[in-house]
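Asker: Let me begin by handing over the structure; questions about it come next.
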Amino acid sequence: MFYNAKKFSVITVLMIVLATQSVPSNAKDNLPGQTEPLSTDELWQIYHNRTWQWTDGAGFFANKGRNFTAYSARGRNANFAEGTWFIPREGRVCFRADWVGVYGSVPKTTCFDHRKDGRNVYQRRLPSGKWYVFKHTPLKNWDEFRKLLPRDYVSSGLERNRRAIKRHQ
């Protein structure tokens, strides 16, 4: 098979250049290349006075004192958290709390990064979580954003877990 080496090398180089230019800079993280962090006000609107429902519990981001409370699991595995939540900079929401269980108490800080591309809001858990669409435009039924409900749905679960821990200690 005969080919023109000069033509082949130009095409190869062109394909490599096009491939590297067409891939967004954050594609390895599933994040479009043209994004910007959410403002502190946008983050406040998403989280303040809302309960984030999880598979096996929930966390509440209170306005008053920026208190953060949470609970997860039941019975011997029950735990709860009490602490604060904060927005240390644009794009980032964190909560710092003491998680209490039959094992004792463990302080933990958890942070999430948020970015937007003009249509969707993306989120990842820090330090190394993968980006995913947190809130589509228009909103989809499966969006994680839908799990943020207005008001406190945590207090009763927290107290239930507090009693369960005392019984199992």
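The values are calculated or read from the model by the stated rules, or taken from the named source; none is laboratory data. Quick caveat: nothing in here was measured; it's all calculated off a predicted structure. Note: ideal-geometry Cβ built from the backbone for every residue, glycine included; neighbour counts use all protein chains shown. All accessible areas refer to the heavy atoms of the entire protein, side chains included, with ligands and DNA or RNA removed. Shrake-Rupley method; radii C 1.70, N 1.55, O 1.52, S 1.80 Å.
Asker: Restricting to region 18-48, what's the tally of residues that are exposed (fewer than 13 other Cβ atoms within 10 Å of the Cβ), over 18 Å from G129 (Cα atoms) and modelled with pLDDT of 85 or more?
Answerer: Number satisfying all stated conditions: 3.
Asker: Please go through region 55-82 and give me each residue that is surrounded by 12 or more Cβ atoms within 10 Å (Cβ to Cβ), more than 13 Å from G157 (Cβ to Cβ) and small (G, A, S), ordered by number.
Answerer: Once the filter is applied, which keeps residues that are surrounded by 12 or more Cβ atoms within 10 Å (Cβ to Cβ), more than 13 Å from G157 (Cβ to Cβ) and small (G, A, S), region 55-82 yields only A62.
Asker: Considering W52, W85, which residue is among the aromatic types (F, W, Y), surrounded by 20 or more Cβ atoms within 10 Å (Cβ to Cβ), in contact (Cβ under 8 Å) with a residue 40 or more places away in the chain and in a strand (DSSP E or B)?
Answerer: Only one candidate qualifies: W52.
Asker: Can you name the number of the only condition in (1) farther than 20 Å from N77 by Cα; (2) open to solvent by less than 20 Å² (accessible area, probe 1.4 Å) that G157 fails?
Answerer: Going through the list (1) farther than 20 Å from N77 by Cα; (2) open to solvent by less than 20 Å² (accessible area, probe 1.4 Å), G157 breaks only (1).
Asker: Another question, if that's okay. Kindly indicate whether R167 is modelled with pLDDT under 95 and either among the basic types (K, R) or surrounded by 16 or more Cβ atoms within 10 Å (Cβ to Cβ) (or both).
Answerer: yes
Asker: What number goes with the only condition from (1) outside any helix (DSSP H, G or I); (2) closer than 20 Å to S155 by Cα; (3) touching a residue at least 24 places away in the same chain (Cβ under 8 Å) that H114 does not pass?
Answerer: (2)
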